[in-house]
Amino acid sequence: MSLSIVRSERVVLPDGARAAAIHIHDGRIVEIGNYSSLPAGVEMLDTGALVVMAGVVDTHVHINEPGRSEWEGFRTATRAAAAGGVTTLVDMPLNSIPATTTADAFDAKLQAAAGRCHVDVGFWGGLVPGNALDLEPLARRGALGFKAFLSPSGVDEFECVSEADLRKAMPILAALDRPLLVHAELPSALLPIDAAADPRVYATWLNSRPPSSEVEAIELLIRLTRDCGNALHIVHLATPEPLPALRAARREGLRITVETCPHYLSFCAEQI
């Protein structure tokens, strides 16, 4: 394959956006060159002022197919991703029927995705009570890691796990070198929703999820990770209180990462 060039007045690079020419050889970027310095006789795509950037990898996507494709399916999810510059999605295991908690369910997911994907797609497996022996077969199928809930997930097909479930599974995940992704809210710290409060008001929901539920869950997960040696990822952190403990755990050498969400950083709960 010969050299080709994609150039733009706005190429997004680590030091900012600027005019540049991207040199590609055998499907790989080999050089970021000067916008106006082009070799003769090279195939070139000039995008003008359109933005050229690295594709975004979104590792937290609920595609819901098979079983709940009316919520979202592979065709619409991946088309929307491509339109927004997202070139890789990683699908969460819980909303499809069957949930991606066994090798057979993983095969059903692959079959549902076949011929419907417009971007690259990867898959998380699920950790639920009683499926510790399914983790290795799922990993062999290609599951990149495993998602678990400490509190009810909201769908009957994907039950939340206990500390005992985690102690069975986490050494297996350490041996497989697959991360454990956790929705970290401890049920014992959650509060009942006030039946007299207006269910349309955001504060009604928010008041049932005190920061202590996330703090206590993360403290538990740090202790278990220290004991078991697996990699841990906390999904959609919603409160800053656990950050000192997470930083200390990372300084200790534990393999712990954490994500948050743009809306947690942008919106004020009191104004929703």
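The values are calculated or read from the model by the stated rules, or taken from the named source; none is laboratory data. Quantities reported herein were computed from a predicted structural model and do not represent experimental measurements. Counting neighbours? That spans all protein chains shown, and the Cβs are built from the backbone with ideal geometry, glycine included. Quick note on the areas: whole protein, heavy atoms, side chains included, nothing else; ligands and nucleic acids left out. Shrake-Rupley method; radii C 1.70, N 1.55, O 1.52, S 1.80 Å.
Could you tell me which residue of region 29-66 is modelled with the lowest pLDDT, considering only residues that are over 26 Å from E259 (Cβ atoms) and either of a type in the set (S, T, Y) or under 21 Å from the mean Cα position of the chain (by Cα) (or both)?
S37
Determine, yes or no, whether P137 is of a type outside the set (K, R), modelled with pLDDT of 95 or more and either more than 16 Å from P93 (Cβ to Cβ) or surrounded by fewer than 19 Cβ atoms within 10 Å (Cβ to Cβ) (or both).
Yes.
With the requirement that a residue be of a type in the set (A, V, I, L, M, F, W, C) and modelled with pLDDT of 95 or more, what does region 239-272 give you?
Result: L243, A245, L246, A248, A249, L254, I256, V258.
Let me confirm something: among V121, V215, V182, which residue is touching a Pro at 6+ places or on another chain (Cβ under 7 Å) and not basic (K, R)?
Details: V121 fails: touching a Pro at 6+ places or on another chain (Cβ under 7 Å); V182 fails: touching a Pro at 6+ places or on another chain (Cβ under 7 Å).
Going through V121, V215, V182 in turn, just one is touching a Pro at 6+ places or on another chain (Cβ under 7 Å) and not basic (K, R): V215.
Just for strands (runs of 3 or more DSSP E) wholly inside region 171-272: which have at least 1 residues that are open to solvent by 40 Å² or more (accessible area, probe 1.4 Å)?
Values: elements: 180-183, 232-234, 256-258.
In region 171-272, the matching strands (runs of 3 or more DSSP E) lie at 256-258.
Quick one: in region 1-28, which of the residues that are charged (D, E, K, R), within 22 Å of G41 (Cβ to Cβ) and surrounded by fewer than 16 Cβ atoms within 10 Å (Cβ to Cβ) is nearest to the chain's Cα centre (by Cα)?
We begin by selecting, within region 1-28, every residue charged (D, E, K, R); these are 7, 9-10, 15, 18, 26, 28.
Pick out the ones that are also within 22 Å of G41 (Cβ to Cβ) and you get 7, 26, 28.
This time we only want the ones that are surrounded by fewer than 16 Cβ atoms within 10 Å (Cβ to Cβ), so: 26, 28.
Working: D26: 30, R28: 26 Å.
Only one residue tops the list, namely R28.
Against the definition (out of contact with any Gly (no Cβ under 6 Å at 6 or more places or on another chain), within 21 Å of L186 (Cα to Cα), open to solvent by less than 70 Å² (accessible area, probe 1.4 Å) and without any contact (Cβ under 8 Å) to a residue 12 or more places away in the chain), how does A114 come out, yes or no?
Values: out of contact with any Gly (no Cβ under 6 Å at 6 or more places or on another chain): yes; within 21 Å of L186 (Cα to Cα): no; open to solvent by less than 70 Å² (accessible area, probe 1.4 Å): yes; without any contact (Cβ under 8 Å) to a residue 12 or more places away in the chain: yes.
Judged against the criteria, A114 is not a match.
Just need a number here: residues in region 163-209 that are of a type in the set (G, A, S) and within 18 Å of L150 (Cβ to Cβ). Spell out the reasoning first.
Narrowing region 163-209 to residues of a type in the set (G, A, S): 164, 169, 174-175, 184, 188-189, 195-197, 203, 208.
From what is left, the residues that are within 18 Å of L150 (Cβ to Cβ) are 164, 169, 184, 188-189, 208.
The number of residues fulfilling the criteria is 6.
Could you give me the residue pairs with C-beta distances under 6 Å whose first residue belongs to region 124-152 and is of a type in the set (S, T, Y), whose second residue is surrounded by fewer than 23 Cβ atoms within 10 Å (Cβ to Cβ) and assigned to a helix (DSSP H, G or I) wherever it lies, and which are 6+ apart or on separate chains?
If the second residue must be surrounded by fewer than 23 Cβ atoms within 10 Å (Cβ to Cβ) and assigned to a helix (DSSP H, G or I), the pairs left are S151/P187.
Of everything in region 51-89 that's among the hydrophobic types (A, V, I, L, M, F, W, C) and part of a loop (DSSP other than H, G, I, E, B), which residue is least open to solvent (accessible area, probe 1.4 Å)? Lay out the reasoning, then the answer.
Just the residues of region 51-89 that are among the hydrophobic types (A, V, I, L, M, F, W, C), to begin with: 51-54, 56-57, 61, 63, 71, 74, 77, 80-83, 86, 89.
Then drop every residue that is not part of a loop (DSSP other than H, G, I, E, B), which leaves 53-54, 63, 71.
Numbers: M53: 104, A54: 75, I63: 0, W71: 137 Å².
My answer is I63.
What are the pairs, 6+ residues apart or on separate chains, where a residue within region 20-37 that is in a strand (DSSP E or B) has its Cβ under 8 Å from a residue that is open to solvent by less than 90 Å² (accessible area, probe 1.4 Å) and aromatic (F, W, Y)?
A20/Y35; A21/Y35
So, in region 152-170, exactly how many residues are within 17 Å of L224 (Cα to Cα) and either surrounded by 22 or more Cβ atoms within 10 Å (Cβ to Cβ) or touching a strand residue (DSSP E or B) at 6+ places or on another chain (Cβ under 7 Å) (or both)?
Residues in region 152-170 being within 17 Å of L224 (Cα to Cα) and either surrounded by 22 or more Cβ atoms within 10 Å (Cβ to Cβ) or touching a strand residue (DSSP E or B) at 6+ places or on another chain (Cβ under 7 Å) (or both): 5 in total.
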